[in-house]
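Report on one structure; see the data block that follows.
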Amino acid sequence: MKTDTFRGRNYLTLLDYTREEIETILSVAFDLKRRRATGEPHRLLDTKTLFMVFYNQSLRTRNSFEAGMTQLGGHAHFLDSNKIYSPAMEGREVAYSTERVSDVARTLGRMGDGIAIRCYGDPVDWVYGDAHEMMREFTRWAGIPIINMECDKYHPCQAMADIMTVKEKMNTFKGVNFTMSWAYSPSVEKPRAVPQSAIIAASAVGMNVTLAHPEGMELDPEVIEACKKNAGATGGSFRMTNSFEEGLKGAHVVYPKAWCSTELFKPPVGSGSVEKAKEINDKNKSWICDEEHMAMAEKNAIYMHCLPCDRGYEVTDGVVDGPQSVAFDEAENRLHAQKAVMSLLMR
Ligand code: CP
C-alpha cells in the first residue's frame with residue numbers, strides 16, 4: 001500500500017476504505033496513544049486548522065477533536081450551525097439564515113485544512129440520507145478533507161474507536177464474536193449511524209458479527225449487504241436475529257444501543273410517524289443490558305457503548321460501571337483514533 005494513500009482523502013464512511021487502510025489507521029492510532037502516554041511530542045499538524053460544524057449536541061466528539069488537534073499542534077475551531085449562516089443544500093435555503101453548502105465549503109476550504117461535520121435528524125427533517133448527501137456536497141467543493149462526525153447513516157469516527165477498543169482488549173479480530181444489539185430507550189429520536197458503522201467496521205476487519213434487534217428496528221439494507229460482502233471477503237461471518245437473548249449467545253463483545261425505528265424516517269423509507277416509532281420502542285422495554293443478560297454472553301465478554309447511555313433503560317448502572325464495561329476506554333479511544341485519521345488525511 002502506498003504510504004501517502006490517505007493524504008487529502010475524505011472520511012465519510014468506512015465503506016470508502018479497504019481493510020488494509022483501516023488496519024493502518026488503527027496502527028497509527030495505537031502509536032499516537034503510546035506517544036501521548038510516554039510524553040513524546042507528536043505535533044504532526046503544526047499550524048493546521050480543523051473547522052468543526054455542529055448541528056447537534058456532543059460531548060465526546062467535540063472534545064476529542066479539540067483535544068486531539070491541540071495535541072497534534074493545530075487548532076480545532078468550533079462552529080455552531082445556529083451561530084453561522086447554517087450550511088444548507090439547495091431547496092432548504094432561508095434568506096440570511098442559511099448559506100449554500102457550496103459557498104460555505106469553498107470559503108472554509110480557503111482558510112483551513114479540514115472540515116468536520118455533525119448533522120442528523122431534525123436539521124434534515126429526518127429525511128434519511130439527506131445529512132450524508134450534504135457531507136458529500138461539501139466534498140465536491142471544499143478542496144480539503146471532510147470528516148464525518150456523525151450523519152444519519154454513518155459514524156466512522158466512533159466505529160474506528162470501537163474496533164480499536166476490541167483490538168486492545170482481545171488482541172485480535174479473528175474469531176471474535178461481536179454482537180451489535182438494539183437496546184430500549186424512551187427517546188425515539190436516535191440516529192442509526194453508530195450501529196451501522198459498528199457492523200461495517202467489525203465485519204471489515206473479519207469479526208463474526210451478529211446484529212440483534214426487534215422487528216421494526218431494521219437497519220439500512222445497503223449496510224446489511226455491505227456487511228455480508230465484508231464477511232465473505234474476510235472469512236468472518238454475519239448473522240441477524242430478532243431475539244436479544246439469541247444475539248448474546250457466544251458473544252465476546254456485547255454492544256447494546258438504542259436507535260430509532262425505520263418508521264421515524266420520512267417516506268419512502270418510513271412513515272415519518274413519531275407515534276408509530278414510539279409504539280415500537282415501548283413494546284421492547286425488556287431489551288435492557290442488565291447483569292442477567294450479560295451473563296448470557298461469554299464469561300469474559302466486554303460491554304461496549306458509544307455513550308451517552310440511557311442508564312436504567314439501555315443498561316443498568318451495574319453493567320456500565322462494572323468490571324466487564326470498556327465504555328470509558330472506548331470513549332478515550334475516540335481521541336487516539338481521530339488523531340490518527342486527522343494526521344493521515346490533513347498532512
Ligand atoms: N459517541 C458520541 O458520538 O458521543 P457524543 O454525542 O457525545 O459526541
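What follows draws every value from the coordinates through simple rules; no lab data is involved. Worth saying up front: this structure is predicted, and the values here are computed from it rather than measured. Backbone-built Cβ (ideal geometry, glycine too); neighbour counts: all protein chains shown.
With each label modelled as a point 7 angstrom along the Cα→C-beta vector, the THR70-GLU292 pair spans 4.5 nm. Inter-part distance, segment 17-94 to segment 228-259, computed on C-alpha centroids, equals 29 Å. Note on the chain: dipole from Cβ charges, positive end direction compared against PHE178, GLN338, MET111; the farthest Cα belongs to MET111. Think of the chain as having a plus end and a minus end, set by charges on the Cβ of Lys, Arg, Asp and Glu; of THR49, GLY312, ALA226, THR49 sits farthest toward the positive end of this dipole.
When +1 charges are put on Lys and Arg Cβ atoms and -1 charges on Asp and Glu Cβ atoms, the dipole computed for the chain relative to its Cα centre reaches about 1160 debye. For TYR85 and LEU59, the difference between the fully extended length at 0.36 nm per residue and the C-alpha to C-alpha distance is 7.1 nm.
Computed from the Cβ-Cβ distance with R0 of 35 Å, the FRET efficiency linking GLU215 to MET1 stands at 0.25.
The order of the peptides 107-117, 29-39 by mean Cβ neighbours within 10 Å, most packed first, is 107-117, 29-39.
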